[in-house]
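Remarks on the structure that follows.
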Amino acid sequence: MNILNIYSGQLINLFAALVLLIAFAMLAQRRVLSLINLFALQGLLLAASTALVAWSSDQHHLYYSAALTLVLKVLFLPWLLHRLIRKLNVKWDIETLINIPTTMLLGLALVVFSFNLAGPISEIAGTITRSTLGIAIASVLLSFLMMITRSKAVPQVIGFLAMENGLFFAAVTATYGMPMVVELGIALDILVGMIIMGIFFFQIRATFDSLELKHMEKLRED
């Protein structure tokens with residue numbers, strides 16, 4: 001028997017653990033360039049794990065999902081984000097609303113909560129990836145925590161994209177993915193959203209000479 005047949009479950013668990021580790025690294029990251037690179041690496045692991053699940057479970061539609069993830073989240077979106085921050089000339093450290101040690105402790109609490117939440121669901125799931133559902137939920141919550149603890153617009157957008165990674169991983173874990181038409185619709189929404197956010201960033205920078213979201217709050221108050 002092929003060795004990959006024997007150890008496919010272990011490899012999937014390894015990829016899932018690395019996805020969670022990168023989510024923690026993104027939560028603690030202070031540099032925008034490093035944050036984008038971590039997002040691309042997370043997308044690569046997600047694409048690899050999806051392809052492995054497709055091979056192990058004979059769910060051939062997941063190959064298309066893995067290819068779409070590779071093109072969109074490993075190649076195109078990181079390239080677009082790098083180009084965007086070069087145009088905006090933002091390579092600064094990321095300012096956090098909560099200090100990093102406290103944020104990491106909150107992240108650990110979210111991981112514990114995620115595994116407790118996923119436990120009953122994993123017991124009744126029939127997929128080979130059911131043991132990674134807790135990691136998928138934790139990745140979503142960690143990405144959401146990263147969004148709400150950042151004060152600048154670019155890291156919040158990256159947090160949103162990472163949260164979508166976690167949701168996709170949860171879908172693969174629980175039900176072997178979403179229908180292809182749904183995934184294509186989500187991919188299109190992400191592309192359009194990134195274009196709009198790029199224009200939005202330039203408008204904020206041109207108006208306030210900064211990407212701090214507090215300026216938008218002042219504008220709303222006025």
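The values are calculated or read from the model by the stated rules, or taken from the named source; none is laboratory data. Here the structure is a predicted model, which is why all the values come from computation and not from measurement. All Cβ positions, even for glycine, are placed from backbone atoms using ideal geometry, and neighbour counts span all protein chains on display. All accessible areas refer to the heavy atoms of the entire protein, side chains included, with ligands and DNA or RNA removed. Shrake-Rupley method; radii C 1.70, N 1.55, O 1.52, S 1.80 Å.
Tabulated values for the structure
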quantity: Qualifying positions in segment 27-82 - outside any helix (DSSP H, G or I) and within 23 Å of Leu141 (Cα to Cα); calculated: Gln29, Arg30, Arg31
quantity: Near pairs, Cβ below 8 angstrom, 6+ apart or cross-chain, from segment 53-64 (without any contact (Cβ under 8 Å) to a residue 40 or more places away in the chain) to any residue that is open to solvent by less than 20 Å² (accessible area, probe 1.4 Å) and of a type outside the set (S, T, N, Q); calculated: Ala54/Leu62; Ala54/Ala66; His60/Ala54; Tyr63/Ala54
quantity: Residue within segment 25-40 that is open to solvent by 50 Å² or more (accessible area, probe 1.4 Å), within 25 Å of Leu97 (Cβ to Cβ) and of a type in the set (S, T, N, Q) present; calculated: yes
